[in-house]
Amino acid sequence: MLQEIITNTIQFVGLFIEYVGLVFIAAAVFTALVKLPMKKYNMEMVRGSLAKKIIFGLEFVIAADILLATVATNFDDIFRLGGIVLIRIMLGYALRKEIIDAGV
């Protein structure tokens, strides 16, 4: 009974954190789309800002995946979450590299 309550709480918190990250990423994309046609922003400024905000949002999503992995019930769930985390970490690395290469 107590274990089920703890598991459900961790799953709820993990999903909440994941959705916070996704909302942050969606807001960053919306902001970039609004800034793009404005003359005071150039493409590189918008790209750099968007990449930084996506990385920040991805950190929330990765944290949520790690939290959800702690309550995974079988190896299939663990492998699936591990694969997702690995893909998201590689995406974050690629975005960081792009920011550095662009000099933003």
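The values are calculated or read from the model by the stated rules, or taken from the named source; none is laboratory data. Since this is a predicted model, take the numbers as computed values, not measurements. Here Cβ is always computed from backbone atoms with ideal geometry, including for glycine, and neighbour counts include all displayed protein chains.
Numbers at a glance
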item	result
Filter pass, L67 being more than 21 Å from D101 (Cβ to Cβ), surrounded by 12 or more Cβ atoms within 10 Å (Cβ to Cβ) and out of contact with any Lys or Arg (no Cβ under 7 Å at 6 or more places or on another chain)	yes
Test: residue in the range 24-46 that is surrounded by 15 or more Cβ atoms within 10 Å (Cβ to Cβ), under 18 Å from Q11 (Cβ atoms) and either touching a Lys or Arg at 6+ places or on another chain (Cβ under 9 Å) or touching a residue at least 12 places away in the same chain (Cβ under 8 Å) (or both)	no
Flag if K39 is modelled with pLDDT under 95, more than 21 Å from the chain's Cα centre (by Cα) and under 22 Å from I100 (Cβ atoms)	no
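Here is a yes/no grid of residues against (1) assigned to a loop (DSSP other than H, G, I, E, B); (2) of a type in the set (D, E, K, R); (3) touching a Phe, Trp or Tyr at 6+ places or on another chain (Cβ under 7 Å):
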residue	(1), (2), (3)
V29	no, no, no
A32	no, no, no
M38	yes, no, no
V61	no, no, no
D65	no, yes, no
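The rows are residues; the columns are (1) part of a helix (DSSP H, G or I); (2) acidic (D, E); (3) surrounded by 13 or more Cβ atoms within 10 Å (Cβ to Cβ); (4) touching a Phe, Trp or Tyr at 6+ places or on another chain (Cβ under 6 Å).
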| site | (1), (2), (3), (4) |
| --- | --- |
| L15 | yes, no, yes, no |
| L22 | yes, no, yes, no |
| S49 | yes, no, yes, no |
| L58 | yes, no, yes, no |
| A72 | no, no, yes, no |
| D76 | yes, yes, no, no |
